[in-house]
Amino acid sequence: MIDPDTALAAGRFVHDASLMLLWGGTAYLCFMVPNALADRIWRMFAGASVLAALVAILATLFSLPLAAADIGNGWSDAIDAGTLHAVLFETTVGQAWLAQAIAALLLLLALPLPGHWRHRGIALGSGLGLAALMLTGHASMHQGWLRMAHRANDILHVLAGGGWLGALVPLVPILRLLSQQEYRAEALLALRRFSTAGHIAVALVIVSGIVNTMLVLKHLPTDWSSPYQALLGLKIALVASMSLLAIVNRYVLVPRIRHDQARTLNAIRLGSIAEIVLGIGVIALVAVFGMLEPV
């Protein structure tokens, strides 16, 4: 049987990945993509967005008994009322779960709403769910104003990262619609807005990541015998690879669109898909090393 620690890491990955993809994708479509084009993309992803929201809600519900089993003495504590009560009301894990449960409830209430209300409700619920993750984790090692500053930096990091990664998902079909005259003007505008916001998001991810590393380790990860530092180093390498792909897409491929549109747009789409795959790898790594001692 799978052990609680592994199950908790897997649950963290599913929960965090679904929220990040929801947050970035919905925020991008709600606030940066022209309405007619956004409505077309929403119809394409209607089923997927509902499924991702349901996955995030279920992952939130199961995360409390998984945490109880991990903190306690095994699977029996996952359904032990005393252990669940202690974890919920006497630990930072429980505080974070309560906040995540509120975010999950907002997601659930948003699903039956009509049109734009549903989309904005999903963006709000997923964004709050991501922010609530920062109530636990390594920021808890500090006290007072430093803990608050660390949590604020973590929230900035996860929202910027989720915004970058999640927006790439609707960007892929938007790039395909550039070749259709009906959507070309709106797709170009959406692409320009993504580029502007992407520069900001990438910069925020890098700067807040450096700050977080300094707050936790007080130095760069250089001890490869430490599981935490080795996985953190791999995460940094993946984020650097994502940044390099973003730079190539923006400054090498985009200027070539006017000369060879079909081939260049296909290359940009492939680069964006590669960024998504790398980003999912980053989430998986964080789900694991976020549970390790930062040594």
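The values are calculated or read from the model by the stated rules, or taken from the named source; none is laboratory data. Predicted model only: the values in this text are computed from it and were never measured. Positions of Cβ are generated from backbone atoms using ideal geometry, with glycine treated the same way; all protein chains shown enter the neighbour counts.
Would you say L128 is free of Cβ contacts under 8 Å to residues at least 24 places away in the same chain and either within 17 Å of the chain's Cα centre (by Cα) or surrounded by fewer than 20 Cβ atoms within 10 Å (Cβ to Cβ) (or both)? When the stated conditions are applied, L128 does not pass them. Apart from one condition, A10 fits all of (1) of a type in the set (G, A, S); (2) crowded, with 18+ Cβ neighbours inside 10 Å; (3) within 17 Å of the chain's Cα centre (by Cα); the exception is (2). Looking across segment 57-96, just one residue is touching a residue at least 40 places away in the same chain (Cβ under 8 Å) and among the acidic types (D, E), and that is D70. Out of G161, G166, G125, one residue alone is in contact with a Ser or Thr (Cβ under 8 Å, 6 or more places away or on another chain), modelled with pLDDT of 90 or more and assigned to a helix (DSSP H, G or I). It is G166. If you go through segment 205-231 and keep only what is of a type in the set (A, V, I, L, M, F, W, C) and either more than 18 Å from A160 (Cα to Cα) or surrounded by fewer than 18 Cβ atoms within 10 Å (Cβ to Cβ) (or both), you end up with I206, V207, I210, V211, M214, L215, V216, L217, L220, W224, A230, L231.
The single residue among D16, D5 that is at pLDDT 95 or above and among the charged types (D, E, K, R) turns out to be D16.
Do we find a residue being touching a Leu at 6+ places or on another chain (Cβ under 9 Å), part of a helix (DSSP H, G or I) and aromatic (F, W, Y) anywhere in segment 74-87? Checked segment 74-87: no residue is touching a Leu at 6+ places or on another chain (Cβ under 9 Å), part of a helix (DSSP H, G or I) and aromatic (F, W, Y).
Scanning segment 180-227 for residues that are out of contact with any Asp or Glu (no Cβ under 7 Å at 6 or more places or on another chain) and assigned to a helix (DSSP H, G or I) yields a total of 33. From the list L244, L270, the lone residue that is modelled with pLDDT of 90 or more, part of a helix (DSSP H, G or I) and over 18 Å from G161 (Cβ atoms) is L270. Based on this model, can you work out whether L58 counts as closer than 13 Å to I122 by Cα and either in contact with an Asp or Glu (Cβ under 8 Å, 6 or more places away or on another chain) or assigned to a helix (DSSP H, G or I) (or both)? The answer is no for L58.
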